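Written below as C-alpha cells is the structure these notes are about.
The values are calculated or read from the model by the stated rules, or taken from the named source; none is laboratory data. Just so it is clear, the structure is predicted and the values come from calculations on it, not from any experiment. Every residue, glycine among them, receives a Cβ derived from its backbone with ideal geometry; neighbour counts consider all protein chains shown. Side chains are part of the model used for accessible areas, which takes the heavy atoms of the whole protein and leaves out ligands, DNA and RNA. Shrake-Rupley method; radii C 1.70, N 1.55, O 1.52, S 1.80 Å.
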Amino acid sequence: MQSNTQPPILSLDPFDPEVFQRVWQRVMPDQANSPIAPQPAPAPREEPAAPAEEAPCLSQASLACCPVLEQQMELAHSARLAFRQVQNRLPSRAARAIRSMSLSLDQDLRRLSAAYFLIAGRRYRPGSQPAPLPVAYQLALRELYGQSRVRAAAHRAAAQAVSDPCVCQLLTDLGDEAEEHSHRIRGILESM
C-alpha cells in the first residue's frame, strides 16, 4: 500500500500585515535592497453612513396631497357607479368582464381611502354621481372606454403633482389599471 503524502499547503490565512512586516525586517534588515516593498498599514474601516432620511410616506407631512386624493376618489367612485350601470345591460360574458372591472374599482377606492386616512386621520366619502350612460350597451361601452382613458391620464397627471412617493406610486398604479380597463373594454367591443 502506497502512502500518498503530500507536503502541507502553507496558507497566509489569517494574514496579519504587521506580523509579516516585523518578520520580514528580521529576515531582510536592509529594506532598501528588499525585493518586497513594505506595505502601509491598512486604513481603519469606516462605518457605513447612516441612510439619508427618506421622504415622508403617507404621513401628516403629505397633507398637501389630500385635495389630489379627493379628486382621484371622486373619479374612481364615479367610474365604479358607471360600470355598475352598464354591467346588467350586457350579454353574460361581457357583463362578467365589466363586473370584474367594477370590483377592481372598489379596490382602487379602498386603496385611495386608506392613503387619505393615513395622511389626514379622517375618512373622505366621495359623493359624485356619473352622468347617465346611453341605453344602447355598445354606446355605453364606448363611453366607459373614453372615461377609462381620461381616468388613466388624470391618475398619471396627479402622480406627477404629488410629493409623497407612496401616493405617487399608488396613482401611477391606478393609471396603469385604468389603461388596462380601456384595453379590456376595447376587447369586449371587438368581440361583439
*Give the dimensionless ratio obtained when the Cα radius of gyration of the range 84-135 is divided by 2.2 N^0.38 Å.*
1.46
*Dipole of the range 72-161, Cα-centred, from +1 at each Lys and Arg C-beta and -1 at each Asp and Glu C-beta, to the nearest 20 debye?*
180 debye
_Euclidean distance between Cα centres, the range 106-142 to the range 149-167, Å_ = 15 Å
*Quick one: with all protein chains in place, what share of the accessible area of the range 69-118 is carbon or sulfur, to the nearest percent (1.4 Å probe)?*
53 percent
*Compute the FRET efficiency between residue 59 and residue 28 as 1/(1 + (r/R0)^6), taking r as their Cβ-Cβ distance and R0 = 45 Å, and round to the nearest 0.05.*
0.10
_Quick check: pseudo-label points 7 Å beyond the Cα along Cα→Cβ at residue 139 and residue 173, how many nm apart are they?_
3.8 nm
